Amino acid sequence: MFPKLFRRVLIVNIQGELKSSLTRQIQTGLDSVSKFTDVQLIAVHIDSKGQSNVQAKQITNALKKYSNQTGAPLYCFAGAHVLNSANIILTSGNKVFASQYSQLGDFGFTYDMYNAKEFIDKSGIQNLNLAQGAHKIRLNSLQSVKEEDLKWKLDYLYEKELDLKEQITLNRQDKFQEAGLSNDQVSKIFDNHNISVKDAIKYKYLFLLDRLVDQIGNIDQIVDQLYHGVKHQEIIQYKQRDLATFLFKYVSL
């Protein structure tokens, strides 16, 4: 056993698209924390549009595993935007926080494709595709789009959407059960494309918000309030992007 000499709040900043490189960076950061560190809290600040359920789950698993190993609670904080699969990470915390300027939601997936077949035909360029296997050529932008391929892609997007909603429901099932929500009522939460925290407060539809969030507050405010005097250790540095982001992080609330 290592003596715990340094009390710390770990700050994990999750920004941008959820990719495997980010997952590796988070895991490497957690592994690099000194064995002499007495981790008081794992505070995760999320400003992401998501995109990958797989990476969201892997990041969540890494954070929860580290929380179990250290005994430190996992608190998740919504930044300016927590969309799509990033909601999986947000709702995985022991407590979930959002600033009044946070935007949550986008519980679905899209796929963009540009079909260039007409342009290719007019240009006189001959297009030749060689493939081995019945479904090796699907949604090829240089060929006519087949209805069966469109259905296949739509079914895939629908499965990802169901997986996203199922994971969020599992993460917040205690809140849903506590409120006595039926399956239909839970579904209505996901029917809201985007949930603006500020609008939820203004127009009094907090029943949506408080099923996903435990408390209104930003990361600096809450951490200072609960762990005043404890030093912070950022395992992933916050990347300053623009004035609006700066104002959100340091001026909101």
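Here is how the numbers come out for the structure above:
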{"quantity": "Among the candidates Leu157, Leu164, residue that is buried (at least 18 other Cβ atoms within 10 Å of the Cβ), under 19 Å from the mean Cα position of the chain (by Cα) and not aromatic (Phe, Trp, Tyr)", "calculated": "Leu164"}
{"quantity": "Boolean, Ala62 is open to solvent by less than 30 Å² (accessible area, probe 1.4 Å) and touching a residue at least 60 places away in the same chain (Cβ under 8 Å)", "calculated": "no"}
{"quantity": "Test: residue in segment 31-45 that is among the polar types (S, T, N, Q), over 24 Å from Ile195 (Cβ atoms) and modelled with pLDDT of 95 or more", "calculated": "yes"}
{"quantity": "Enumeration of residues in segment 213-241 that are assigned to a loop (DSSP other than H, G, I, E, B), under 21 Å from the mean Cα position of the chain (by Cα) and either modelled with pLDDT of 95 or more or over 22 Å from Ile88 (Cβ atoms) (or both)", "calculated": "Gln237, Gln240, Arg241"}
{"quantity": "Asp149, sole failed condition from (1) surrounded by fewer than 11 Cβ atoms within 10 Å (Cβ to Cβ); (2) more than 22 Å from the chain's Cα centre (by Cα); (3) modelled with pLDDT of 75 or more", "calculated": "(1)"}
{"quantity": "Per-region count, segment 92-120, residues more than 20 Å from Asp199 (Cβ to Cβ) and either modelled with pLDDT of 90 or more or open to solvent by 90 Å² or more (accessible area, probe 1.4 Å) (or both)", "calculated": "10"}
{"quantity": "Complete set of residues in segment 16-50 that are in a strand (DSSP E or B) and buried (at least 19 other Cβ atoms within 10 Å of the Cβ)", "calculated": "Val39, Gln40, Leu41, Ile42, Ala43, Val44, His45, Ile46, Asp47, Ser48, Gly50"}
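The values are calculated or read from the model by the stated rules, or taken from the named source; none is laboratory data. Keep in mind that this is a model prediction, so the values were computed, not measured. Please note: Cβ atoms are built from the backbone with ideal geometry, for glycine as well, and neighbour counts cover all protein chains shown. Accessible surface is based on the protein model in full, side chains and every heavy atom, while ligands, DNA and RNA are left aside. Shrake-Rupley method; radii C 1.70, N 1.55, O 1.52, S 1.80 Å.
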